[in-house]
Amino acid sequence: MNMIKLKEETGDPALLSLEEAKAEAKGEAKAGAEAGPENGPRPWEDLFGHQPVLREETLSALEVRPDGLYVDATLGGGGISRGILERLGPDGRLLALDLDPEPLEWAAEWGRGDPRLMLQRANFRDLKKILQKLSLGPADGLVADLGLSSRQFLTAGRGFSFKRSGPLDMRIDPDSSVTAADMVNGLDQVTLAKIIYEYGGDFHARRLARLIVERRGDKPFETTDELAALALRVGSGRGRHRLHPATRLFMALRMAVNHETRSLAGLLSDARGCLREGGRLLVISFQSEEDRLVKELFKGTEGGFKAIWKKSVTPSQEELGRNPRSRSARLRGGIALPVGEC
Ligand SMILES: C[S@@+](CC[C@H](N)C(=O)[O-])C[C@H]1O[C@@H](n2cnc3c(N)ncnc32)[C@H](O)[C@@H]1O
């Protein structure tokens, strides 16, 4: 199978831009149809540059009913959405959300002409309102694959990765007002330390916050490189799998810029009301605080769900080998209980 990676905005000319990949995909889809079914459909998620994590486990636990209504709260490259569409019959429907316009633009291409697919640019914490606005009843299943797609990480201009030289931005929704640079240059030292510790779990949080405040007095931070260089001054991480010192700092800032924990808490608190009895909620998280919130929802029956698994599902050795990004992923799921039993 011909894999296409997208051009990083650092300008590797060997890779394709989104526009180029789309153009190529159109040609390829045509070529694929001509080549016959033995070649299988083109994996659009590969074109987007994102390999969905725990995809088969998620789709199989969702137990898609052919005529059901499903919600993919985090469309991204569409790997999960496409899996749901493949399992749906002609009367099934899928509502897919993303806060970032690019995945929706992409899905408008790969999903063109499929009347079962509804796309909405929205924050998943507003799902209940969106279902009401679209006059859609409670759903049969809801999936949230949290965090970012590889496409977002790899695009230097988005500023998510300390490995890519770019502006210190980190907004998932490019129309939101506060960037990572605004936070790093504007927050007081105590707040910065709190964010770095709470969202990043970084034991160097206080030292990092002090260094940031000292350094920005000379010149405000503008780029990912400047912040990554500062993080290097606090040493090389702990543990068996040593992380780059900027890893946790960047994750913490991204979570703060996008209010990620607050959005997840909103989604989880409304999830039962968005599902019919017996409907399934599947959440893949990559960060311990997020996993804690999901675990809490499925503990006992008070959250309105019966847990599908006692423990979280983690990637197989095969998946870890194929996709190292999956190493921190945890999948949890629940089945919506009758309202009286919650
Ligand atoms: C890990 S990716 C999803 C990948 C997708 N499941 C796939 O198979 O390609 C997460 C996506 O969720 C989106 N996202 C993050 N926070 C969001 C939020 N609060 N509301 C809606 N979308 C969000 C991101 O923009 C990103 O596209």
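The values are calculated or read from the model by the stated rules, or taken from the named source; none is laboratory data. No experiment lies behind these values; they were computed from the predicted model shown. Cβ coordinates were reconstructed from backbone atoms using ideal geometry, including for glycine residues, and neighbour counts include every protein chain displayed.
In region 55-79, the qualifying residues are those that are surrounded by fewer than 23 Cβ atoms within 10 Å (Cβ to Cβ) and small (Gly, Ala, Ser), and the one that is farthest from the ligand (Cβ to nearest atom) is 68.
When restricted to residues that are more than 9 Å from the ligand (Cβ to nearest atom) and either touching a Gly at 6+ places or on another chain (Cβ under 6 Å) or in a loop (DSSP other than H, G, I, E, B) (or both), region 95-109 contains 1.
The residue that is surrounded by the most Cβ atoms within 10 Å (Cβ to Cβ), among those in region 120-154 that are among the hydroxyl-bearing types (Ser, Thr, Tyr) and touching a His at 6+ places or on another chain (Cβ under 7 Å), is 149.
Of the residues in region 179-198, at least one is assigned to a helix (DSSP H, G or I) and among the hydroxyl-bearing types (Ser, Thr, Tyr).
Could you list all residues from region 123-148 that are more than 14 Å from residue 58 (Cα to Cα), within 16 Å of the ligand (Cβ to nearest atom) and touching a residue at least 12 places away in the same chain (Cβ under 8 Å)? The answer is 123, 124, 125, 126, 127, 128, 130, 131, 134, 139, 147, 148. Checking each residue in region 319-342 for being over 18 Å from the mean Cα position of the chain (by Cα) and at pLDDT 95 or above picks out 334, 335, 336, 337.
Conditions (1) not assigned by TED's automatic domain parsing to the domain that holds residue 282; (2) not aromatic (Phe, Trp, Tyr), marked per residue:
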residue: 117; (1), (2): no, yes
residue: 123; (1), (2): no, yes
residue: 131; (1), (2): no, yes
residue: 137; (1), (2): no, yes
residue: 145; (1), (2): no, yes
residue: 160; (1), (2): yes, no
residue: 183; (1), (2): yes, yes
residue: 188; (1), (2): yes, yes
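Among the residues of region 110-122, those that are in a loop (DSSP other than H, G, I, E, B) and either within 14 Å of the ligand (Cβ to nearest atom) or out of contact with any Asp or Glu (no Cβ under 9 Å at 6 or more places or on another chain) (or both) comprise 111, 112, 113, 114, 115, 122. The listed residues are 277, 302, 296, and the only one of them that is over 21 Å from residue 84 (Cα atoms) and at pLDDT 95 or above turns out to be 296.
Does at least one position in region 124-141 carry a residue that is under 22 Å from residue 261 (Cα atoms) and in a loop (DSSP other than H, G, I, E, B)? No, region 124-141 contains no residue that is under 22 Å from residue 261 (Cα atoms) and in a loop (DSSP other than H, G, I, E, B). Of all residue pairs spaced 6 or more apart or on separate chains, those with beta-carbon atoms under 7 Å, a first member in region 290-313 that is over 23 Å from residue 148 (Cβ atoms) and a second member that is at pLDDT below 95 and assigned to a loop (DSSP other than H, G, I, E, B) are 301/342; 302/342; 304/342. Restricting attention to region 171-220, the residues that are closer than 14 Å to residue 258 by Cα and of a type in the set (Ser, Thr, Tyr) total 4. Meeting the requirement of 1 or more residues that are exposed (fewer than 14 other Cβ atoms within 10 Å of the Cβ), the helices (runs of 4 or more DSSP H) wholly within region 226-300 are 260-274, 288-297. Within region 268-287, the residues that satisfy the criterion of being under 18 Å from residue 149 (Cα atoms) and not aromatic (Phe, Trp, Tyr) are 282, 283, 284, 285, 287.
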